[in-house]
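Working notes, structure below.
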Amino acid sequence: MRTGYDLELVHLTKRYGDTVAVHDINHVFAPASYVCLLGPSGCGKSSTLRMIAGHESVSEGSILLDGTDVSGLSPAQRGTAMMFQNYALFPHLSVRDNVAFSQRMKGVDKATRHKKADEMLDLVQMSSFGDRLPAQLSGGQQQRVALARALITQPKVLLLDEPLSALDPFLRIQMRVELKRIQRELGIIFIHVTHGQDEALALADEVVVMNNAVIEQSGPPREVWGAPKTEFVARFMGGHNVISLNGHKVALRADEISLGEAGLPATVVAVEYQGATVALSARTEAGEEVFAVLPEDAFFKAPKSPGETVSLAWDEGRVHRLQA
Ligand code: ADP
Ligand code: MG
């Protein structure tokens, strides 16, 4: 099977009446990449995903899959598949028949479609559950079935809208390992919508940060987290201070601040022990609150309490100037 399809969004816009949900976005999704579309609620993630899937019409622009504009095609024709958040399994059909459903609609004979369904159930590690009904499965298992059902169409791109949000924290981490394994095994593009930056960092080859209907920044997770271009990205990704230094707005990682002899004077506001690290916040003379994440051993060599004065120090090279 040939993999290596890319997906390109060209001047893509979505309007609902007067609301511009997606505003003229351009992006190339690399072949075989796991991409997380990340951003706060209402920024246009689902609208983007639904346009790619064909569940929502495009207001302007185009969607090129492997070089071909698919924006006028039906969901089933375009080579994409979507896994829905609520799984949407048929309650009266067995797991195997749920997975085989699209094949049945295509007129594939029973033996062939059951064989394909069993292969998919094997891929999602649900091969012993084929005869059960959806109601006899846990939430996490239902989700694997929904995944198998989406993958049986052999999509070039799998679209997942907040796929882990209904799972408890333990299952969420287990499932995210599974999603990544399956994506690697199939070698197709996964586009995974999430509003959780930790989820995006853990999974993605590329993080695409959206805000207010546009893409603010995209790149490998370490690049987006480590070198945010805008105040929004710095704050949304977390772990950074956004402060004014010498008349510029800059981002400075909380874990790159130390308590030195010389540095920016500040008064400790709060100290939180976190195990391996200690989180300290301090107010500068200019009235800005700065967060520092300090290694536990370094902090306890010279512990500080609220009200004490400290000097905040950092390596100048680690300061990132933000776009105005
Ligand atoms: P996200 O998935 O990032 O939370 P959405 O793409 O669902 O964002 O929504 C983006 C914007 O479009 C929001 O302002 C939302 O209210 C609006 N919107 C989404 N779907 C519809 C719709 N069917 N009709 C009208 N407005 C919509
Ligand atoms: Mg959404």
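Placing unit charges on the Cβ atoms of the charged side chains and taking the dipole of region 7-226 about its Cα centre, the candidate lying farthest along the positive direction among Gly72, Ala135, Met210 is Ala135. The Ala324 and Glu296 beta-carbon pair, evaluated with R₀ = 30 Å, returns a calculated FRET efficiency of approximately 0.20.
The residues neighbouring Val268, those whose beta-carbon lies less than 9 Å from its own, together hold a net charge of +1 under the Lys/Arg +1, Asp/Glu -1 convention. At an R0 of 56 angstrom, the distance between the Cβ atoms of Lys110 and Ala279 translates into a FRET efficiency of 0.40.
What share of Cα pairs, in percent, lie more than 27 angstrom apart in region 1-134? Tail fraction, whole percent: 35.
Estimate the FRET efficiency between Ser74 and Arg235 by the formula 1/(1 + (r/R0)^6), using the beta-carbon distance for r and 35 Å for R0, to the nearest 0.05.
Computed FRET efficiency for Ser74 and Arg235: 0.30.
Note on Lys249 and Ala270: the extension gain reaches 5.2 nm, defined as 0.36 nm multiplied by sequence separation minus the Cα-Cα distance.
Grab the DSSP H runs of the chain that are 4 residues or longer, score each as -39,500 (n - 2.57), total them, divide by all residues and round the 222 nm result to the nearest 500 deg cm²/dmol. Please report the intermediate quantities before stating the final value.
On the way: 9 runs with 91 residues, N = 324.
One gets -8500 deg cm²/dmol as the mean residue ellipticity at 222 nm.
Taking 0.36 nm per residue of separation and subtracting the Cα-Cα distance, full extension of the segment from Ala313 to Arg15 would add 102.5 nm. The peptide list 118-125, 172-179, put in order of mean Cβ contacts within 10 Å with the highest first, becomes 118-125, 172-179.
About the Cα centre of the chain, how large is the charge dipole given +1 on each Lys and Arg Cβ and -1 on each Asp and Glu Cβ? Please answer in debye to the nearest 20. Write out the running numbers ahead of the final one.
Numbers: 32 positive and 38 negative charges, 270 e Å.
Roughly 1300 debye for the chain.
Mind checking the dipole of region 241-321: about its Cα centre, +1 per Lys or Arg Cβ, -1 per Asp or Glu Cβ, Debye to the nearest 20? Mind showing how you got there, number by number?
Details: 7 positive and 12 negative charges, 40 e Å.
I would put it at about 200 debye.
Here the peptides 155-163, 274-282 are ranked by packing, the mean other Cβ count within 10 Å, and the order with the highest first is 155-163, 274-282. Each Lys or Arg adds one and each Asp or Glu takes one away; over the other residues whose Cβ falls under 10 Å from the Cβ of Lys249, this sums to 0.
The separation of region 122-188 from region 247-291, counted between C-alpha centres, amounts to 42 Å. Local charge for Gly239 was computed over the other residues whose Cβ lies under 11 Å away, with Lys and Arg +1 and Asp and Glu -1, and equals -1.
Where a number appears in this text, it was derived from the coordinates with a stated rule and is not lab data. Treat the numbers as computed from the prediction; the structure is a model and nothing was measured. In this analysis, Cβ positions are derived from the backbone assuming ideal geometry, glycine residues included, and neighbour counts consider all displayed protein chains.
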